[in-house]
1. What's the magnitude of the charge dipole for region 171-288 around its Cα centre, counting Lys and Arg as +1 and Asp and Glu as -1 at the beta-carbon? Answer in Debye, nearest 20.
2. Using the beta-carbon distance between Ile359 and Leu339 and R0 = 35 Å, what value does 1/(1 + (r/R0)^6) give for FRET efficiency, to the nearest 0.05?
3. With each run of n ≥ 4 DSSP H residues scored as -39500 (n - 2.57), what mean residue ellipticity at 222 nm is computed for the chain after dividing by its residue count and rounding to the nearest 500 deg cm²/dmol?
4. Rounded if a/c is under 1.5, else prolate if a/b is larger than b/c, else oblate: which is region 34-82, with a ≥ b ≥ c the root eigenvalues of its Cα gyration tensor?
5. What number comes out for the charge environment of Ser202, summing +1 per Lys or Arg and -1 per Asp or Glu over other residues with Cβ under 9 Å away?
6. Taking 0.36 nm per intervening residue step and subtracting the Cα-Cα distance, what contour gain separates Thr163 from Asp241 on full extension?
7. Size of the dipole of the chain about the Cα centre, Lys and Arg at +1 and Asp and Glu at -1 on the beta carbon, nothing else charged, in debye to 20?
8. Specify the angular offset, from 0 to 90 degrees and rounded to the nearest 10, of the alpha carbon long axis of helix 2-16 from the longest principal axis of the alpha carbons in the chain.
Amino acid sequence: MHRTHLALIAALIAALLPAAAAQGASSELVVSQVFAAGGNAGAAFTNDYVELLNRGSSSIDLSGWSIQYATAASTSWSPTALAGSIGAGRRYLVQLGSGGTAGAPLPAPDATGTVNVAAGGGKIALVQDSAALTCGASPGSCTAAPAVRDLIGYGSAGDFEGTGPAPSLTSTTALVRAADGCTDSDSNAADFAAAAPAPRNSSAASTSCGADGTTAAAQAANVAVDLQPVLSLTLERPAIDFGAVVPGEAPAPVAERVTVSSNGPTGYALSVHRTAFTPRDLPLGISASAASGAQLAPPLAGGAVVGVPIAPAPDLLLGTSTATSAPGGDAWPTAFSFLSPLAALPPGRYSASVTYTVIGR
């Protein structure tokens, strides 16, 4: 009982609502140019033509599609069959009839018909069907047809998209869709202007249309950078000072962290040497720990303190790496100390220099 009532009420509401107005729907495939004075005196080209543009991002199969023409007030349409496909951003040129011999030949057409298009007014429809339309007597009648994908009424046309037709044509002008064919606001008056004809076929350069109906252009540029080899080290301390010491003492170790930066894929080796202390040499030693992912030299394993050689003796190898350094560099903790308590030497300042060396492998 309740279900019957609800169905009846719904039917009554539907009957009272006004019918929705037919609106042209924006399509990926649109008519981008129409030329209607082919061969006439003063004409730029010998044939009428319709140019299509695929504004979308994928190819469209045109099998069964047609371009159809009707005069301004007529509902009798003349179809011209289309074939093949039209790639994303590509054009498709349909050559139509001719009124004479004036003008230059069109670029090689992608489809050919014989209908003559009037310059003063008429209707062009892009139809996903080959059957002739029967609409066009009043505004909105053709945009309501299910197979119509685009409609251009111009001049004195009785049917068109939007609130008014596109301009009429002359022997030197064509209807040209705005933004190089990309704009489709479903208004013939707003979307088209009369301009010099410039027909393009499927061999023409691709056009990229933005989502807002504007023309987008793109060009690739090569980007290159020459990355130079890097092999460097930095010290935590610019100087190592044990302070005041009396003979017979062994001062506490002093740390020195070495950071190695290397982009060499096979790694590096880190070593150390020194000069002799002046005025008398002292027994300087070093201990070290390996950076993360690196290998410590065997003599330094377990925290052992090893004497720092005096040049020109060979360097003491601290360790090696077999890969590029970490993004912030490889940190090698080292510490200097003396191998034995300091001997009873004359007082004074005893100094030497220590040099770390990193060599790429």
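Coordinate-derived values only; no laboratory data. What you see is a predicted model; the values in this text were computed from it and never measured. Cβ: placed from backbone, ideal geometry, glycine included. Neighbour counts: every protein chain shown.
1. On the way: 6 positive and 11 negative charges, 85 e Å.
Value, rounded to 20: 400 debye.
2. Numbers: r = 26 Å, r/R0 = 0.75.
So, using R0 = 35 Å, E works out to roughly 0.85.
3. Numbers: 2 runs with 19 residues, N = 361.
Dividing the helical sum by the residues of the chain leaves -1500 deg cm²/dmol.
4. On the way: a/c = 2.61, a/b = 1.41, b/c = 1.85.
Verdict is oblate for region 34-82.
5. Values: positive: Arg90, Arg91, Arg200; negative: Asp110.
That works out to +2.
6. Numbers: separation 78, 0.36 × 78 = 28.08 nm, distance 9.09 nm.
Here the answer is 19.0 nm.
7. Numbers: 14 positive and 22 negative charges, 106 e Å.
The dipole magnitude comes to about 500 debye.
8. Roughly 70 degrees between the two axes.
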